[in-house]
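To keep things clear, I will list the structure first and then write my remarks on it.
The values are calculated or read from the model by the stated rules, or taken from the named source; none is laboratory data. Worth saying up front: this structure is predicted, and the values here are computed from it rather than measured. Using ideal geometry, Cβ is built from the backbone for each residue, glycine included, and neighbour counts are taken over all protein chains shown.
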Amino acid sequence: MTTIADKLQQVQHQVAAACARAGRDPASVALLAVSKTFGPEAVCEAARAGQRAFGENYIQEAVEKMAAVQALGAPALQWHCIGPVQSNKTRLVAEHFDWMHTVDRLKIAERLSAQRPAHRAPLQVCIQVNVDGGLNKSGVAPEDALALAGAVAALPQLCLRGVMSIPEPAPDYAGQLALHQRARAVFEQIRASGLRGLERFDTLSLGMTADLDAAIAAGSTMVRVGTGIFGGRTRPAA
């Protein structure tokens, strides 16, 4: 039987191989284990194998899971919100998560900043960019990303770390690479802009289980892998 620890090691080897093909240091790509729909026991198993960063889409489920994982005695973990968030859920994100990858409008960023507890470090955030105009995808248009970045970087309880994108599935590697390169171009535009508040702007959150190789070739610094580590989803996405 293949365990979560075994699968995690396989994904780590896949990341290292993709980095080698791209001429990159494997240490330059962080692995985010997407644990949405999987229980606290699965998170703890991955944590015992050395994984520390976990991504969640469903806010209430994630907050309950965080408490359960802590009760099970897991080490300190880093929690990333990688799903769309409505205004009525921003407080939960601000209070419980370490990262928020899906900021795509100023209203959400302002609420996150205002609701971030004073005793916690600033919330690390990425701007989500809709690089292909997919109708079913969240994200700011590429041409509006720089203005949003400037506004987000000025908020006191947030730290703007980079750009995130989840394009529509492409039919082949070349198509995947082209889409990820669009996100890389937005990232580079913001980084070169001279905006204040970009001292830690270093994260390009691209790539999942199916397009990991192309994402790394395009420059991703954080890949989001769920099924490759935990297996098939136990229930459909809400």
With criteria (1) closer than 20 Å to residue 79 by Cα; (2) modelled with pLDDT under 95, residue 2 comes up short on (1)
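One line per residue, one yes/no per condition, for (1) under 17 Å from residue 142 (Cβ atoms); (2) of a type in the set (Gly, Ala, Ser); (3) in contact with a His (Cβ under 8 Å, 6 or more places away or on another chain); (4) at pLDDT below 95:
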residue: 174; (1), (2), (3), (4): no, yes, no, no
residue: 181; (1), (2), (3), (4): yes, no, no, no
residue: 185; (1), (2), (3), (4): yes, yes, no, no
residue: 191; (1), (2), (3), (4): yes, no, no, no
residue: 205; (1), (2), (3), (4): yes, yes, yes, no
residue: 209; (1), (2), (3), (4): no, no, no, yes
residue: 213; (1), (2), (3), (4): no, no, no, no
residue: 223; (1), (2), (3), (4): no, no, no, no
residue: 226; (1), (2), (3), (4): no, yes, no, no
Which condition from (1) more than 27 Å from residue 147 (Cα to Cα); (2) touching a residue at least 40 places away in the same chain (Cβ under 8 Å); (3) part of a loop (DSSP other than H, G, I, E, B) is the one that residue 73 breaks? (2)
Scanning segment 1-19 for residues that are of a type in the set (Val, Ile, Thr) and either surrounded by fewer than 18 Cβ atoms within 10 Å (Cβ to Cβ) or at positive phi (or both) gives 2, 3
Which residues, counting only those in segment 150-175, are within 19 Å of the chain's Cα centre (by Cα) and more than 23 Å from residue 96 (Cα to Cα)? 166, 167, 168, 169
Since residue 126 meets every condition but one in (1) surrounded by 19 or more Cβ atoms within 10 Å (Cβ to Cβ); (2) under 18 Å from the mean Cα position of the chain (by Cα); (3) under 16 Å from residue 105 (Cα atoms); (4) without any contact (Cβ under 8 Å) to a residue 60 or more places away in the chain, which condition does it not meet? (4)
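Here's the yes/no breakdown for (1) under 22 Å from residue 211 (Cα atoms); (2) assigned to a helix (DSSP H, G or I); (3) touching a helix residue (DSSP H, G or I) at 6+ places or on another chain (Cβ under 9 Å); (4) among the β-branched types (Val, Ile, Thr):
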| residue | (1), (2), (3), (4) |
| --- | --- |
| 17 | yes, yes, yes, no |
| 37 | yes, no, yes, yes |
| 80 | yes, no, no, no |
| 109 | no, yes, yes, no |
| 119 | no, no, no, no |
Let me spell it out: the conditions are (1) of a type outside the set (Ser, Thr, Tyr); (2) at pLDDT 95 or above; (3) touching a helix residue (DSSP H, G or I) at 6+ places or on another chain (Cβ under 7 Å), and residue 75 meets all of them except one. Which number is the exception? (2)
Residue 147 fails exactly one of the following numbered conditions: (1) assigned to a loop (DSSP other than H, G, I, E, B); (2) at pLDDT 95 or above; (3) under 25 Å from residue 192 (Cα atoms). What is the number of that condition? (1)
When restricted to 22, 42, the only residue surrounded by 14 or more Cβ atoms within 10 Å (Cβ to Cβ) and within 21 Å of residue 218 (Cα to Cα) is 22
Note on segment 189-238: residues over 25 Å from residue 9 (Cβ atoms) and in contact with a Leu (Cβ under 9 Å, 6 or more places away or on another chain) are 189, 190, 191, 193, 195, 197, 198, 200, 201
Out of all the residues in segment 158-179, is one or more touching a Lys or Arg at 6+ places or on another chain (Cβ under 9 Å), surrounded by fewer than 21 Cβ atoms within 10 Å (Cβ to Cβ) and hydrophobic (A, V, I, L, M, F, W, C)? yes
Would you call residue 115 surrounded by fewer than 23 Cβ atoms within 10 Å (Cβ to Cβ) and in contact with a Lys or Arg (Cβ under 7 Å, 6 or more places away or on another chain)? yes
Does segment 124-143 contain any residue that is within 22 Å of residue 26 (Cβ to Cβ) and in a loop (DSSP other than H, G, I, E, B)? no
